[in-house]
Amino acid sequence: MDTISQVLEVFLNNPNESISGQYISEKLSISRNAVWKAIEQLRKNDYIFESQTNKGYQLVKIPNKIDRYYLSIKLQNLCTEIIVQEKIESTNKLLKELADNGQADKTIIIAKEQSSGRGRLGRAWDSQEGGLWFSLLLRPDLPMEDLSLITLTMAAAVREGISSYTDLDVKIKWPNDILFNGKKLVGILTEVKGDMDRVEYIVVGIGVNVLNAIKDDLAVKATSLKDVAKSDILINDLLVFIVTSINHYYNEFVLGKTSEILTLNKIHSAIIGKEVEVSGIKGTEKGIAQDILQDGSLSIKVGSTTKKMVSGDVSLSSWY
Ligand code: BT5
């Protein structure tokens with residue numbers, strides 16, 4: 001962790017207290033000048049400190065925007081490297097490039113803004129400032145055939161992270177969306193590289209609408225947490241909740257413990273029991289969504305037959 005994050009950590013560990021430069025300098029074995037420089041840097045990043053002669057500094061406000069120093073502390077036990085970018089094309093794109101060059105398992109890239117955010121099948125993902133746009137690099141020691149539940153694992157984890165932070169009843173729209181009141185709050189894009197016998201890496205990209213506005217043309221189908229949450233959302237803390245939850249369910253997934261993941265996808269499903277239209281690579285089917293099967297596919301009842309959909313886009317009948 002860099003010096004600035006270390007200084008910040010001292011303040012976070014002593015909330016609502018005035019701390020002297022001398023104390024921090026001794027605790028971290030750095031000069032008083034280095035402490036002062038760190039505080040100035042944090043101030044430039046919109047942290048607010050009050051300073052009182054003879055008493056020291058008190059941290060009174062943490063900025064509510066993606067912050068590299070705060071995240072370096074809070075994600076240090078969950079991620080191997082934490083990369084925070086201002087504006088890039090796409091966190092998935094950059095992380096895949098790094099992964100091809102040997103980047104470590106459990107690296108996270110977070111961007112404040114994406115100029116070319118991507119959804120599935122090359123679709124565009126609107127990624128203005130204020131949202132949570134991040135990707136995780138995973139290198140499980142598994143064959144390709146064991147990956148069928150990876151997106152559902154992420155969906156269950158992200159749903160739980162958001163729900164436990166906000167207390168909102170958010171739901172999963174198979175296979176990769178999280179909705180609130182039927183509107184899309186989160187999209188998940190899972191990209192995999194490897195051969196049949198061995199996965200080289202997975203890059204999971206997650207986009208959460210948090211403090212960003214929703215563009216007019218998406219407003220019928222999409223929503224942002226700032227418009228629906230009961231209280232203020234602190235974006236860095238929300239990310240920590242989500243990554244903590246991902247870490248938990250990903251560990252279960254790697255051990256093959258997938259029954260809870262499947263159960264969560266079913267009990268929090270936005271579509272089971274409802275009339276849906278599913279368009280997959282083999283065509284479109286209309287029917288009642290019935291179940292999520294062991295391999296992660298969706299079964300739907302079409303007339304008197306049951307069809308199994310392996311992937312696809314689901315629309316609820318209320319939308320068409
Ligand atoms: C997804 O695709 O939902 C996956 C989105 C993944 C985005 C993350 S952000 C971090 C990482 N880096 C990336 O470049 N991507 C990932 P799909 O199921 O294909 O849905 C795409 C559709 O969602 C679009 O065609 C729009 O209709 C809609 N959409 C676009 N931007 C949206 C937004 N901000 N909120 C809600 N819906 C949106």
Problem set entry | Residue, farthest from the ligand (Cβ to nearest atom), within the range 98-137, restricted to residues that are polar (S, T, N, Q) and touching a helix residue (DSSP H, G or I) at 6+ places or on another chain (Cβ under 8 Å) | Q103
Exercise. Any residue at all in the range 118-129 that is among the hydrophobic types (A, V, I, L, M, F, W, C), touching a Cys at 6+ places or on another chain (Cβ under 6 Å) and not in a helix (DSSP H, G or I)?
Worked result: no
Problem set entry | Filter pass, K112 being among the basic types (K, R) and either in a helix (DSSP H, G or I) or surrounded by fewer than 19 Cβ atoms within 10 Å (Cβ to Cβ) (or both) | no
Seminar exercise, completed: Subset of the range 68-90, residues within 16 Å of the ligand (Cβ to nearest atom) and either open to solvent by 20 Å² or more (accessible area, probe 1.4 Å) or in a strand (DSSP E or B) (or both), comes to I82, I83, V84, Q85, E86, K87, I88, E89
For this session: State the number of residues belonging to the range 12-40 that are within 16 Å of M1 (Cα to Cα) and not in a helix (DSSP H, G or I).
Result: 2
Exercise. Among the residues of the range 142-150, is there at least one that is within 17 Å of the chain's Cα centre (by Cα), within 12 Å of the ligand (Cβ to nearest atom), buried (at least 16 other Cβ atoms within 10 Å of the Cβ) and in a helix (DSSP H, G or I)?
Worked result: no
For this session: Name, by its number, the condition in (1) part of a helix (DSSP H, G or I); (2) open to solvent by less than 30 Å² (accessible area, probe 1.4 Å) that does not hold for K93.
Result: (2)
Exercise. Which of the residues that make up the range 115-129 are buried (at least 20 other Cβ atoms within 10 Å of the Cβ) and not polar (S, T, N, Q)?
Worked result: G117, R118
Seminar exercise, completed: Over the range 173-192, the set of residues more than 10 Å from the ligand (Cβ to nearest atom), closer than 21 Å to K226 by Cβ and part of a strand (DSSP E or B) is F180
For this session: Kindly indicate whether I206 is within 11 Å of the ligand (Cβ to nearest atom) and crowded, with 23+ Cβ neighbours inside 10 Å.
Result: yes
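The values are calculated or read from the model by the stated rules, or taken from the named source; none is laboratory data. The structure displayed is predicted, hence computed values, not measured ones. Every residue, glycine as well, gets a Cβ built from its backbone with ideal geometry; the counts of neighbours run over all protein chains shown. With ligands, DNA and RNA removed, areas are computed over all heavy atoms of the protein, side chains included. Shrake-Rupley method; radii C 1.70, N 1.55, O 1.52, S 1.80 Å.
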